[in-house]
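One structure below.
Just so it is clear, none of the values below were taken in a lab; they were calculated from the coordinates. Everything numeric here is computed off the predicted structure, so don't read it as measured data. Please note: Cβ atoms are built from the backbone with ideal geometry, for glycine as well, and neighbour counts cover all protein chains shown.
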Amino acid sequence: MTSTVTTPVVPTRGVVPRRAAAVAGAVAAGLAVWVVGVPVLGIELTARTGTGQLVVGPASVAVAGLAAALAGWGLLALLERYATRPRPAWTVTAVALLVLSLAGPLAQGTTVAAVTVLAAMHVAVGTAVVVLLGRTARGARRSQ
């Protein structure tokens, strides 16, 4: 009788810089949409909060994009460690979370234009996270 022991996948050299670049790309994608929506098109980007309204500025966009991308990195690392097929699991999970995240802008945008820009930022950041981090995902776990 032989036993199969699964070992976690350890990222190879060069993965960390590529993932860091993916995080930066996600932040840049969100900021690019903000630049087009707010300074270029002149849309007042506000969102409803529990106590009123919040003006969404570039710092908020950068922090939210950074948080989303780092959370994605963490999820991908967990999937690489525990999932049998981490790449497909990553894609399905990340796309599902992106779709769910669209509830925020749809519910909190104060105008149609604000909803559009907020949703576009979610899609831009989410797409960058899904695609760029997905490119760094390891294949199936190896077993000994």
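Some observations on this one:
- Fully extended contour minus Cα-Cα distance, from ALA62 to ALA107, at 0.36 nm per residue: 14.1 nm
- Gain in span if fully extended, THR84 to ALA24, counting 0.36 nm per residue against the direct Cα distance: 18.8 nm
- Packing rank of 104-115, 62-73, 125-136, where each peptide gets the mean count of other beta carbons within 10 Å, highest leading: 125-136, 62-73, 104-115
- As a proxy for reagent exposure, ARG87, ARG81 were ordered by neighbouring Cβ count within 10 angstrom, fewest first; the result is ARG81, ARG87.
- Trypsin sites (Lys or Arg not before Pro) within region 11-62, DSSP loop, no more than 14 other Cβ atoms inside 10 Å: ARG13
- Translational diffusion coefficient (Stokes-Einstein; Kirkwood radius from C-alpha pairs) of the chain at 4 °C, 1.567 mPa s, in µm²/s: 79 µm²/s
- Relative to the longest principal axis of the Cα atoms of the chain, the long axis of helix 112-128 lies at roughly 20 degrees.
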